[in-house]
1. Beyond 17 Å, what percent of the Cα pairs of segment 55-97 remain?
2. Distance between Cα centroids, segment 26-84 to segment 89-153: provide it in whole Å.
3. What FRET efficiency do you get for residue 148 and residue 193 if R0 is 22 Å and r is their Cβ-Cβ distance, rounded to the nearest 0.05?
4. Please work out the FRET efficiency for the pair residue 169 and residue 49, using the Cβ-Cβ distance as r and a Förster radius of 45 Å; give the result to the nearest 0.05.
5. Where does the chain land at 222 nm, in deg cm²/dmol rounded to the nearest 500, when only DSSP H runs of n ≥ 4 count, each adding -39500 (n - 2.57), divided by all residues?
6. Dimensions of segment 94-200 along principal axes (Cα, Å, largest first)?
7. Run the simple label-point estimate for residue 82 and residue 30 please: 7 Å along Cα→C-beta, distance reported in nm.
8. Given R₀ = 35 Å, FRET efficiency for residue 121-residue 178 by Cβ-Cβ distance, to 0.05?
């Protein structure tokens with residue numbers, strides 16, 4: 001596969017690097033993946049009992065300083081593959097019994113992914129495709145996927161622009177994520193769940209409750225529910241994993257975290273319960289919550305290329 005047609009100044013994401021890659025995402029034009037395997041730790045209607053066919057792409061256009069997947073988002077772990085090989089991976093995961101194909105952190109490879117999906121569909125592939133993203137997306141880029149993605153699984157990290165700047169160097173995140181989510185809803189509409197409990201179509205918006213993040217979380221919940229009601233699913237997560245003292249982070253990554261000591265600890269049980277109670281008090285019904293100890297490094301997948 002020749003990638004000359006992709007060798008241009010890249011403006012696929014809101015960073016608007018406008019340079020020949022690599023840019024902010026750290027990746028060139030050739031696909032790079034760190035893991036492709038059945039994944040059992042997504043929301044129940046995504047993973048089910050059989051697992052979601054997760055493909056973790058190397059690099060990221062957001063690079064939050066607390067990212068649990070820092071080894072691949074900022075660490076460069078990955079193996080180069082062609083579009084044809086990605087298509088083959090889709091079929092391999094289907095043969096393993098996957099409920100869907102889960103494209104994790106795909107934004108910077110959106111053109112190549114589009115080609116691989118079209119290629120797979122032309123060969124009769126019929127599992128749902130899940131676009132698993134930070135939510136920091138350009139509407140123009142998302143429109144390239146119209147009719148190809150069945151399920152959008154975006155984060156909505158911040159309504160607080162200061163937190164977005166401090167933690168993700170993206171003060172425009174709140175407005176950008178709103179516009180991106182509106183386009184996702186336009187494309188896939190209301191949620192459709194099969195008789196087996198597995199989602200066929202729709203949107204699940206995730207929010208990770210951060211330490212000292214209750215107010216921001218409530219603002220996110222307010223926006224989502226007041227705008228979309230129960231037409232979308234919301235997933236409120238307590239799995240924030242502090243990595244400051246772990247060997248997952250690079251020295252540079254640890255340096256970035258030094259200025260934010262609140263991120264050196266887990267989200268407390270009380271902080272998380274306040275957000276869950278807030279959802280209940282608002283009358284929300286389509287909400288996933290997490291129970292038990294999820295903030296452990298053992299929940300970080302092994303990235304073995």
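Just so you know, all these numbers are worked out from the coordinates, no wet-lab data involved. Computed from a predicted structure; not experimentally measured. Note that each Cβ is placed from the backbone with ideal geometry, even for glycine, and that neighbours are counted across all protein chains shown.
1. 45
2. 12
3. Details: r = 21 Å, r/R0 = 0.93.
Step by step, r from the Cβ atoms, then E = 0.60.
4. That pair, residue 169 with residue 49, gives E of 0.70.
5. Computed ellipticity for the chain at 222 nm equals -9000 deg cm²/dmol.
6. 45, 31, 26
7. Spacing of the two 7 Å Cα→Cβ label points: 1.1 nm.
8. According to the calculation, E is roughly 0.70.
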